[in-house]
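Derivation of every value follows stated rules applied to the coordinates shown; laboratory data play no part. A quick note: this is a predicted structure, and the numbers were derived from the prediction, not measured. Cβ atoms come from the backbone with ideal geometry, glycine included; neighbour counts cover every protein chain shown.
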Amino acid sequence: MTANRIGGRSGIAPGDSGVSLDERVDELLNSTSRTPMHPDDNDRPLVDWIADRSGRIFGLRITPTTKGDLVDATALSIRQGRQLIIVGQNMHGLYTALTNDAFHALQELPQSLVHIDGFPIVYFAWLHGLRRTRMAHRTGVHDWLPDYVRAASANRWRIYCLGSGADVNARAMQKLARIAPGAALEGRNGFFDTTRDGAENRAVLDDIAAFDPHIVLVGMGMGRQEKWILDNRGALAERCIITVGACLEYMAGEMRISPRWFGPFGLEALWRLVTRPRRYAHRYLVEPWLLLALLVRSRRSHGGGR
């Protein structure tokens, strides 16, 4: 299995803080909103930082965070040498969490930060009493990944991209390299036997370990990518692991991304349905009704409580 590489191996090792890390990130993202950090946040355990920002909707965890917060969490993870798992929650994620045990189990890990990846989740947060949640906490991967990669480049955080086909993976990394010149990137396709103790899976883990990244982007489709992370989180050690779904395909130009102003108005689903009807028809036309039935059944089973 051949890996794609862009940039060099120079940089700090996972767990090291680098020089003036926070100052460089703040300078780079000075226009990006953040949740104000407590003076003691830098010394607090990462899992406490996540827990303080988390709440529940329909019994499922969410962690309302801005684009800047995601960079702060990564910096904290690297500084403390603690594993961080960043996963997204949207309508499809709600349905998957209620029907897929591995997906739900990953979101419940204390080191998992469940960011909001769809505007309906913001409204659900309000309905469940999470009043501090605002539209800035809707952090779709397509919106924050470019700034995130720029921050990674500025701080010499190495990134490994796992997912999509080999050609798509290579083109996605080339796009990221243009966004953040000097970024150290390596990756490979996501089509391999993910059996935990299988030879192909071990080869992927060995390749990741050899590159020694601070950040691993995993884009293997919702459900499959979460199961892979859950199975291999021990081998991935003190890294920041991020689920990115089909984002690599969008980065590579394999799929057309919607105009970014569609997101706040909830029109991205319509765009995907129109441009890729065979891929998304079930997700957007059938799955919401299945989700509604699951939520009604769950509410009844809990005596009408939230």
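General observations
- Across the alpha-carbon atoms of the stretch 54-295, the computed radius of gyration and Dmax are 17.1, 49 angstrom.
- Contour excess over end-to-end distance, with Cα ends at A166 and A210 and 0.36 nm allotted per residue: 14.0 nm
- The antiparallel fraction among DSSP beta bridges confined to the stretch 54-295 stands at about 10%.
- Semi-axes of the equivalent ellipsoid of the stretch 165-205 are 26, 11, 5 Å, computed as sqrt(5λ) over the eigenvalues of the C-alpha gyration tensor in descending order.
- A straight chain from L270 to D143 at 0.36 nm per residue would run longer than the Cα-Cα distance by 44.0 nm.
- For V216, the amide hydrogen comes within under 5 Å of the amide hydrogens of Y160, C240, I241, I242, counting only partners 5 or more places away or on other chains and with H modelled in the peptide plane.
- Legend: calculated FRET efficiency, R297 to R178, from the Cβ-Cβ distance at R0 = 41 Å, rounded to 0.05, equals 0.30.
- Average projected area [Cα convex hull, the stretch 102-199], square nanometres: 8.7 nm²
- Length gained on full extension, A237 to D193, computed as 0.36 nm times the residue gap minus the Cα-Cα distance: 13.8 nm.
- Listed residues G140, T194, N155: farthest to the positive end of the dipole of the stretch 136-199 (Cβ charges): N155
- Rounded if a/c under 1.5, otherwise prolate or oblate - the stretch 160-306, Cα gyration tensor axes: oblate
- Using alpha carbons only, the radius of gyration of the stretch 73-145 set against its Kirkwood radius gives Rg/Rh = 0.99.
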